[in-house]
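Engineer: Input: one structure, supplied below.
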Amino acid sequence: NRDFLIAPSILSADFARLGEEVDRVLAAGADIVHFDVMDNHYVPNLTIGPMVCEALRKHGVTAPIDAHLMVKPVDRLIGDFIDAGASYITFHPEASEHIDRSLQLIRSGGCKAGLVFNPATPLSYLDYVMDKVDMILLMSVNPGFGGQAFIPGTLDKLREARRRIDASGRDIRLEIDGGVKVDNIAEIARAGADTFVAGSAVFGAGRDGDPNHYDSVIRAF
Ligand code: DX5
Ligand code: ZN
């Protein structure tokens, strides 16, 4: 019985009221703030960077911030996110020229390090760095946008990732990102995930006019 953590993705939050949105999901019981960084190069969309992460810290957010870097190259932004107060920093192995170096860079800044796997990216990238990761993030959609449908083949991949983590005997979080909803989260948990990113399910349709929306979704998870 591992502990389950909920990580709302602020990608679907109202950016004009970001501090308030984050406060509200954390008050509703969320555990981690999932922070999607897109560069219009590695992925076809452009979002937020280290200045916004720093602003959330200045606003008073003390919960772990999980910076999901969908950027290429990654190394310079790793330093910026360490300085900006990120807790976890994850990156896509295809976007780093030197994966081992990037992982070491994250850890040397006192952050937890993770690798992110796109739906078609093999888990074999873990083979020689299992001792340097604190998190494995499996994408269950192609990265770039919120609100896409969960790709079912990810369930088998979760089982394989769970086997690798158990065999390593190490304390590594297994995070899932993309299309997580109230009606599929139990199945995803059974396949081995312990950390659940949810963007549109939390911040999307239904929140307007319902002051208890965040509480009801997070409780339903
Ligand atoms: C997609 C992002 C996700 C996204 C998930 O590239 O990494 O974190 O916000 O959004 P939903 O939960 O709507 O699929
Ligand atoms: Zn993400």
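No value in this document is a laboratory result; all are computed from the given coordinates. Here the structure is a predicted model, which means the values were calculated and not measured. As a convention, Cβ positions derive from the backbone with ideal geometry for all residues, glycine included, and neighbour counts pool all protein chains shown.
Engineer: Tally Lys and Arg at +1 and Asp and Glu at -1 over the other residues with C-beta under 10 Å from the C-beta of HIS68: what net charge comes out?
Structural biologist: After counting each charged neighbour, the total is -4.
Engineer: Ranked by Cβ crowding within 10 angstrom, fewest neighbours first, how are LEU138, LEU115, LEU5, LEU174 ordered? Please list the in-between numbers first.
Structural biologist: Details: LEU138 27, LEU115 24, LEU5 17, LEU174 20.
Taking fewest neighbouring Cβ atoms as first place, the list is LEU5, LEU174, LEU115, LEU138.
Engineer: Evaluate the relative contact order of the range 148-201 (contact order divided by residue number), counting alpha-carbon pairs under 8 angstrom at least 6 apart; express in whole percent.
Structural biologist: Contact order relative to length: 42 percent.
Engineer: Let me ask something additional. When a footprinting reagent is the concern and you count Cβ atoms within 10 Å, what order do MET38, MET135, MET70 take, fewest first?
Structural biologist: Details: MET38 21, MET135 18, MET70 25.
Listed from fewest to most nearby Cβ atoms, that is MET135, MET38, MET70.
Engineer: May I pose another question? I need the Debye-formula profile for the chain: one equal scatterer per C-alpha, no solvent, reported as log10 I(q)/I(0) at q = 0.11 1/Å, two decimals.
Structural biologist: Values, matching the q order: -0.48.
Engineer: So between GLN104 and MET51, what do we pick up on full extension, going 0.36 nm a residue minus the alpha carbon distance?
Structural biologist: Stretched fully, the GLN104-MET51 segment lengthens by 16.8 nm.
Engineer: I've got another one for you. Which whole-angstrom value gives the distance between the alpha carbon centres of the range 111-144 and the range 167-210?
Structural biologist: If we compute the Cα centre of each part, the gap is 16 Å.
Engineer: What distance in nm lies between label points placed 7 Å from Cα along the C-beta direction at ASP183 and ALA16?
Structural biologist: Between ASP183 and ALA16, the simple spin-label model gives 3.2 nm.
Engineer: Calculate for the chain the 222 nm mean residue ellipticity that helices alone would give, adding -39,500 (n - 2.57) per DSSP H run of length 4 or more and normalising by residue count, nearest 500 deg cm²/dmol.
Structural biologist: -9000 deg cm²/dmol
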